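The structure under discussion appears below in the form of C-alpha coordinates.
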Amino acid sequence: MEMKKRINLELRDRAPEEVTELVLDNCLCVNGEIEGLNDTFKKLEFLSMANVELSSLARLPSLNKLRKLELSDNIISGGLEVLAEKCPNLTYLNLSGNKIKDLSTVEALQNLKNLKSLDLFNCEITNLEDYRESIFELLQQITYLDGFDQEDNEAPDSEEEDDEDGDEDDEEEEEDEAGPPEGYEEEEEEEEDEDEDEDEDEAGSELGEGEEEVGLSYLMKEEIQDEEDDDDYVEEGEEEEEVFLLLFQKKKVFEGKRGNEMLKMMERKRMTRSF
(Lines give C-alpha, C1' and ligand atoms only; values in the text may rest on other atoms or scores of the structure.)
Protein backbone atom coordinates (compact mmCIF):
# COMPACT_ATOMS: atom_id res chain seq x y z
CA MET A 1 0.00 0.00 0.00
CA GLU A 2 1.27 3.44 -0.90
CA MET A 3 1.97 5.92 1.90
CA LYS A 4 -0.75 8.34 0.84
CA LYS A 5 -3.46 5.67 1.02
CA ARG A 6 -2.09 4.39 4.29
CA ILE A 7 -2.34 7.86 5.84
CA ASN A 8 -6.00 8.17 4.82
CA LEU A 9 -6.65 4.75 6.34
CA GLU A 10 -4.92 5.65 9.63
CA LEU A 11 -6.92 8.86 9.99
CA ARG A 12 -10.14 6.87 10.53
CA ASP A 13 -12.41 9.84 9.86
CA ARG A 14 -10.32 12.10 12.09
CA ALA A 15 -9.07 15.50 11.04
CA PRO A 16 -5.26 15.64 10.58
CA GLU A 17 -4.96 18.41 13.17
CA GLU A 18 -6.42 16.08 15.83
CA VAL A 19 -3.89 13.28 15.35
CA THR A 20 -1.04 12.95 17.87
CA GLU A 21 0.35 9.54 16.79
CA LEU A 22 0.75 8.15 13.30
CA VAL A 23 2.19 4.74 12.36
CA LEU A 24 2.95 4.16 8.67
CA ASP A 25 5.29 1.16 8.96
CA ASN A 26 5.74 -1.19 5.97
CA CYS A 27 3.89 0.96 3.45
CA LEU A 28 5.54 2.06 0.17
CA CYS A 29 7.19 5.40 -0.57
CA VAL A 30 6.97 6.28 -4.26
CA ASN A 31 10.42 7.29 -5.49
CA GLY A 32 11.70 6.99 -1.90
CA GLU A 33 9.98 10.23 -0.83
CA ILE A 34 7.31 11.13 1.73
CA GLU A 35 3.83 11.72 0.29
CA GLY A 36 0.43 12.45 1.81
CA LEU A 37 1.95 13.94 4.95
CA ASN A 38 1.66 17.72 5.34
CA ASP A 39 1.84 20.47 7.95
CA THR A 40 -1.86 20.10 8.87
CA PHE A 41 -0.70 17.45 11.36
CA LYS A 42 0.03 20.22 13.83
CA LYS A 43 -0.40 18.12 17.00
CA LEU A 44 1.62 15.13 15.83
CA GLU A 45 4.02 13.97 18.57
CA PHE A 46 4.93 10.47 17.40
CA LEU A 47 5.60 9.43 13.79
CA SER A 48 6.79 6.01 12.66
CA MET A 49 7.86 5.31 9.07
CA ALA A 50 9.85 2.09 9.50
CA ASN A 51 10.64 -0.07 6.45
CA VAL A 52 8.93 2.12 3.87
CA GLU A 53 11.88 2.31 1.40
CA LEU A 54 12.44 5.95 2.32
CA SER A 55 15.64 7.48 0.93
CA SER A 56 14.97 11.22 1.22
CA LEU A 57 13.60 13.51 3.95
CA ALA A 58 13.25 16.50 1.62
CA ARG A 59 9.44 16.40 1.65
CA LEU A 60 9.09 16.11 5.40
CA PRO A 61 6.54 18.75 6.52
CA SER A 62 6.98 21.09 9.49
CA LEU A 63 6.04 19.17 12.64
CA ASN A 64 6.95 21.45 15.52
CA LYS A 65 5.39 19.25 18.21
CA LEU A 66 6.99 16.03 17.03
CA ARG A 67 8.99 14.37 19.84
CA LYS A 68 9.66 10.85 18.55
CA LEU A 69 10.56 9.86 15.00
CA GLU A 70 11.04 6.25 13.87
CA LEU A 71 12.89 5.88 10.55
CA SER A 72 14.48 2.45 10.97
CA ASP A 73 15.15 -0.03 8.13
CA ASN A 74 15.11 2.47 5.29
CA ILE A 75 17.77 3.56 2.78
CA ILE A 76 18.55 7.04 4.13
CA SER A 77 22.17 8.03 3.58
CA GLY A 78 22.13 11.78 4.23
CA GLY A 79 20.10 14.98 4.27
CA LEU A 80 19.60 14.86 8.06
CA GLU A 81 19.83 18.66 8.34
CA VAL A 82 16.14 18.77 7.34
CA LEU A 83 15.24 17.29 10.73
CA ALA A 84 16.53 20.29 12.68
CA GLU A 85 14.56 22.62 10.41
CA LYS A 86 11.26 20.70 10.30
CA CYS A 87 11.24 18.94 13.69
CA PRO A 88 13.21 21.17 16.07
CA ASN A 89 11.78 19.58 19.24
CA LEU A 90 12.77 15.97 18.59
CA THR A 91 13.93 14.08 21.68
CA TYR A 92 14.14 10.57 20.17
CA LEU A 93 15.39 9.60 16.70
CA ASN A 94 15.76 6.05 15.38
CA LEU A 95 17.88 5.72 12.25
CA SER A 96 18.92 2.10 12.76
CA GLY A 97 19.27 -0.06 9.65
CA ASN A 98 19.92 2.85 7.26
CA LYS A 99 22.86 3.70 4.96
CA ILE A 100 24.65 6.10 7.27
CA LYS A 101 28.40 5.59 6.97
CA ASP A 102 30.38 8.46 8.46
CA LEU A 103 30.42 11.07 11.22
CA SER A 104 29.93 13.99 8.85
CA THR A 105 26.43 12.74 8.08
CA VAL A 106 25.53 12.62 11.77
CA GLU A 107 27.07 16.03 12.42
CA ALA A 108 23.92 17.65 11.03
CA LEU A 109 22.06 16.49 14.14
CA GLN A 110 23.96 18.95 16.33
CA ASN A 111 21.20 21.48 15.74
CA LEU A 112 18.63 19.21 17.38
CA LYS A 113 19.18 20.77 20.80
CA ASN A 114 16.51 18.68 22.56
CA LEU A 115 17.69 15.33 21.21
CA LYS A 116 18.32 12.87 24.07
CA SER A 117 18.28 9.46 22.41
CA LEU A 118 19.75 8.43 19.04
CA ASP A 119 19.75 4.95 17.53
CA LEU A 120 22.20 4.10 14.74
CA PHE A 121 22.31 0.36 15.32
CA ASN A 122 23.03 -1.74 12.22
CA CYS A 123 24.32 1.26 10.28
CA GLU A 124 27.79 1.14 8.73
CA ILE A 125 28.93 3.99 10.96
CA THR A 126 28.89 1.63 13.95
CA ASN A 127 31.93 -0.15 12.48
CA LEU A 128 34.13 2.91 13.00
CA GLU A 129 36.83 2.73 15.64
CA ASP A 130 35.79 4.49 18.84
CA TYR A 131 32.32 4.85 17.37
CA ARG A 132 30.49 5.48 20.64
CA GLU A 133 33.08 7.88 22.05
CA SER A 134 33.05 9.85 18.79
CA ILE A 135 29.26 10.17 18.66
CA PHE A 136 28.99 11.27 22.31
CA GLU A 137 31.70 13.85 21.70
CA LEU A 138 30.07 15.09 18.50
CA LEU A 139 26.50 15.19 19.85
CA GLN A 140 26.97 16.32 23.43
CA GLN A 141 23.25 16.91 23.95
CA ILE A 142 22.34 13.21 23.73
CA THR A 143 22.18 10.91 26.75
CA TYR A 144 21.61 7.55 25.07
CA LEU A 145 23.18 6.02 21.97
CA ASP A 146 21.77 2.74 20.68
CA GLY A 147 19.87 2.32 23.94
CA PHE A 148 22.74 2.90 26.40
CA ASP A 149 24.43 5.89 28.01
CA GLN A 150 28.19 6.47 28.25
CA GLU A 151 28.42 4.25 31.36
CA ASP A 152 26.54 1.44 29.55
CA ASN A 153 23.37 1.99 31.56
CA GLU A 154 20.30 0.97 29.60
CA ALA A 155 17.79 3.61 28.66
CA PRO A 156 14.40 3.29 30.41
CA ASP A 157 11.49 2.10 28.35
CA SER A 158 9.11 5.04 28.07
CA GLU A 159 6.11 2.72 27.75
CA GLU A 160 7.09 0.84 30.91
CA GLU A 161 7.47 4.13 32.77
CA ASP A 162 4.00 5.19 31.66
CA ASP A 163 2.59 1.83 32.80
CA GLU A 164 4.26 2.14 36.21
CA ASP A 165 2.90 5.64 36.66
CA GLY A 166 -0.52 4.39 35.70
CA ASP A 167 -0.31 1.50 38.17
CA GLU A 168 0.71 3.87 40.98
CA ASP A 169 -2.21 6.15 40.18
CA ASP A 170 -4.59 3.16 40.19
CA GLU A 171 -3.25 1.98 43.57
CA GLU A 172 -3.70 5.45 45.06
CA GLU A 173 -7.26 5.62 43.72
CA GLU A 174 -8.04 2.17 45.18
CA GLU A 175 -6.64 3.22 48.57
CA ASP A 176 -8.73 6.39 48.50
CA GLU A 177 -11.86 4.40 47.62
CA ALA A 178 -11.22 1.68 50.22
CA GLY A 179 -10.25 3.96 53.08
CA PRO A 180 -12.62 5.96 55.26
CA PRO A 181 -13.53 9.46 54.11
CA GLU A 182 -11.49 12.34 55.42
CA GLY A 183 -12.49 13.31 58.97
CA TYR A 184 -14.51 10.11 59.45
CA GLU A 185 -12.21 8.68 62.15
CA GLU A 186 -12.24 11.93 64.14
CA GLU A 187 -16.04 12.12 64.04
CA GLU A 188 -16.30 8.48 65.14
CA GLU A 189 -13.94 9.09 68.08
CA GLU A 190 -15.96 12.15 69.15
CA GLU A 191 -19.18 10.14 69.04
CA GLU A 192 -17.59 7.39 71.15
CA ASP A 193 -16.42 9.96 73.72
CA GLU A 194 -19.92 11.47 73.90
CA ASP A 195 -21.45 8.01 74.40
CA GLU A 196 -18.99 7.27 77.22
CA ASP A 197 -19.80 10.61 78.92
CA GLU A 198 -23.54 9.90 78.69
CA ASP A 199 -23.04 6.44 80.19
CA GLU A 200 -21.01 7.90 83.05
CA ASP A 201 -23.68 10.57 83.71
CA GLU A 202 -26.45 7.98 83.76
CA ALA A 203 -24.45 5.71 86.08
CA GLY A 204 -23.69 8.67 88.35
CA SER A 205 -27.32 9.77 88.54
CA GLU A 206 -28.49 6.25 89.32
CA LEU A 207 -25.81 5.92 91.97
CA GLY A 208 -26.81 9.28 93.52
CA GLU A 209 -30.47 8.28 93.76
CA GLY A 210 -29.48 4.95 95.28
CA GLU A 211 -27.24 6.62 97.82
CA GLU A 212 -30.01 9.06 98.82
CA GLU A 213 -32.50 6.23 99.26
CA VAL A 214 -30.00 4.21 101.27
CA GLY A 215 -29.19 7.21 103.46
CA LEU A 216 -32.86 7.94 104.12
CA SER A 217 -33.67 4.30 104.83
CA TYR A 218 -30.68 4.04 107.13
CA LEU A 219 -31.75 7.07 109.18
CA MET A 220 -35.33 5.83 109.40
CA LYS A 221 -34.13 2.46 110.62
CA GLU A 222 -31.87 4.25 113.08
CA GLU A 223 -34.82 6.27 114.38
CA ILE A 224 -37.01 3.17 114.71
CA GLN A 225 -34.24 1.40 116.57
CA ASP A 226 -33.97 4.41 118.89
CA GLU A 227 -37.70 4.18 119.63
CA GLU A 228 -37.48 0.45 120.38
CA ASP A 229 -34.56 1.02 122.71
CA ASP A 230 -36.24 3.87 124.66
CA ASP A 231 -37.72 1.46 127.22
CA ASP A 232 -34.30 0.04 127.92
CA TYR A 233 -32.75 3.37 128.75
CA VAL A 234 -32.52 4.15 132.42
CA GLU A 235 -30.93 7.52 131.95
CA GLU A 236 -32.57 9.84 129.46
CA GLY A 237 -30.60 13.04 129.89
CA GLU A 238 -27.71 14.09 127.77
CA GLU A 239 -27.29 10.81 125.80
CA GLU A 240 -30.78 11.02 124.20
CA GLU A 241 -30.31 14.69 123.43
CA GLU A 242 -27.03 13.95 121.63
CA VAL A 243 -28.73 11.26 119.52
CA PHE A 244 -31.51 13.64 118.55
CA LEU A 245 -29.07 16.43 117.70
CA LEU A 246 -27.09 14.06 115.52
CA LEU A 247 -30.20 13.07 113.62
CA PHE A 248 -31.36 16.66 113.43
CA GLN A 249 -28.03 17.71 111.87
CA LYS A 250 -28.57 15.08 109.20
CA LYS A 251 -32.01 16.36 108.33
CA LYS A 252 -30.60 17.77 105.11
CA VAL A 253 -31.09 14.31 103.56
CA PHE A 254 -34.80 14.42 104.40
CA GLU A 255 -36.76 15.77 101.50
CA GLY A 256 -40.39 15.77 100.48
CA LYS A 257 -43.42 14.68 102.41
CA ARG A 258 -41.74 11.65 103.95
CA GLY A 259 -38.87 13.70 105.31
CA ASN A 260 -41.20 16.31 106.83
CA GLU A 261 -43.20 13.64 108.62
CA MET A 262 -40.06 12.19 110.09
CA LEU A 263 -38.89 15.58 111.35
CA LYS A 264 -42.28 16.19 112.97
CA MET A 265 -42.09 12.77 114.63
CA MET A 266 -38.67 13.62 116.02
CA GLU A 267 -39.94 16.93 117.40
CA ARG A 268 -42.96 15.26 119.07
CA LYS A 269 -40.65 12.73 120.66
CA ARG A 270 -38.43 15.49 122.01
CA MET A 271 -41.42 17.37 123.41
CA THR A 272 -42.77 14.19 125.07
CA ARG A 273 -39.43 13.51 126.72
CA SER A 274 -39.17 17.07 127.98
CA PHE A 275 -42.36 16.58 130.00
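The values are calculated or read from the model by the stated rules, or taken from the named source; none is laboratory data. Keep in mind the model is a prediction, meaning the values are calculated, not measured. Please note: Cβ atoms are built from the backbone with ideal geometry, for glycine as well, and neighbour counts cover all protein chains shown.
Could you check segment 84-141 and list, in sequence order, the residues that are without any contact (Cβ under 8 Å) to a residue 24 or more places away in the chain and polar (S, T, N, Q)?
Correct list: Ser104, Thr126, Asn127, Gln140.
Quick one: which of Asp102, Asp152, Asp130, Asp119 is assigned by TED's automatic domain parsing to the domain that holds Ser72 and under 36 Å from the mean Cα position of the chain (by Cα)?
Among Asp102, Asp152, Asp130, Asp119, only Asp152 is assigned by TED's automatic domain parsing to the domain that holds Ser72 and under 36 Å from the mean Cα position of the chain (by Cα).
Against the conditions (1) touching a residue at least 40 places away in the same chain (Cβ under 8 Å); (2) surrounded by fewer than 19 Cβ atoms within 10 Å (Cβ to Cβ); (3) at negative phi; (4) small (Gly, Ala, Ser), where does Gly32 fall short? Just the number, please.
(3)
Here are Glu33, Glu21, Glu53: which of them is closer than 24 Å to Ser96 by Cβ, of a type in the set (D, E, K, R) and within 36 Å of the chain's Cα centre (by Cα)?
From the options Glu33, Glu21, Glu53, the qualifying one is Glu21.
Cβ contacts < 8 Å: first residue closer than 16 Å to Ser48 by Cβ, restricted to segment 1-13; second residue of a type in the set (A, V, I, L, M) and assigned to a helix (DSSP H, G or I), any location; separation 6+ or different chain. Result?
Met1/Leu9; Met3/Val30
Give Glu35, Glu53 a once-over and let me know the one that is in a loop (DSSP other than H, G, I, E, B) and more than 18 Å from Leu9 (Cα to Cα). Talk me through it step by step, then tell me what you get.
Values: Glu35 fails: more than 18 Å from Leu9 (Cα to Cα).
Testing whether each residue is in a loop (DSSP other than H, G, I, E, B) and more than 18 Å from Leu9 (Cα to Cα) leaves just Glu53.
Name the residues in segment 56-94 that are in a loop (DSSP other than H, G, I, E, B) and under 17 Å from Ser104 (Cβ atoms), would you?
Correct list: Leu57, Ile76, Ser77, Gly78, Gly79, Leu80.
Take Ile125 and tell me if it is over 30 Å from Lys4 (Cα atoms), of a type in the set (A, V, I, L, M, F, W, C) and either assigned to a loop (DSSP other than H, G, I, E, B) or touching a Lys or Arg at 6+ places or on another chain (Cβ under 8 Å) (or both).
Yes; evaluated as a whole, the condition is true for this residue.
Suppose we keep only residues that are buried (at least 21 other Cβ atoms within 10 Å of the Cβ) and of a type in the set (A, V, I, L, M) within segment 81-99. Which one would you say is farthest from Tyr144 (Cα to Cα)?
Leu83
Pick out the one residue from Leu47, Leu71, Leu60 that is buried (at least 19 other Cβ atoms within 10 Å of the Cβ), under 21 Å from Glu124 (Cα atoms) and in the same structural domain as Ile125 (by TED's automatic domain parsing).
Leu71
Against the condition part of a loop (DSSP other than H, G, I, E, B) and out of contact with any strand residue (DSSP E or B) (no Cβ under 7 Å at 6 or more places or on another chain), how does Asn26 come out, does it pass?
yes
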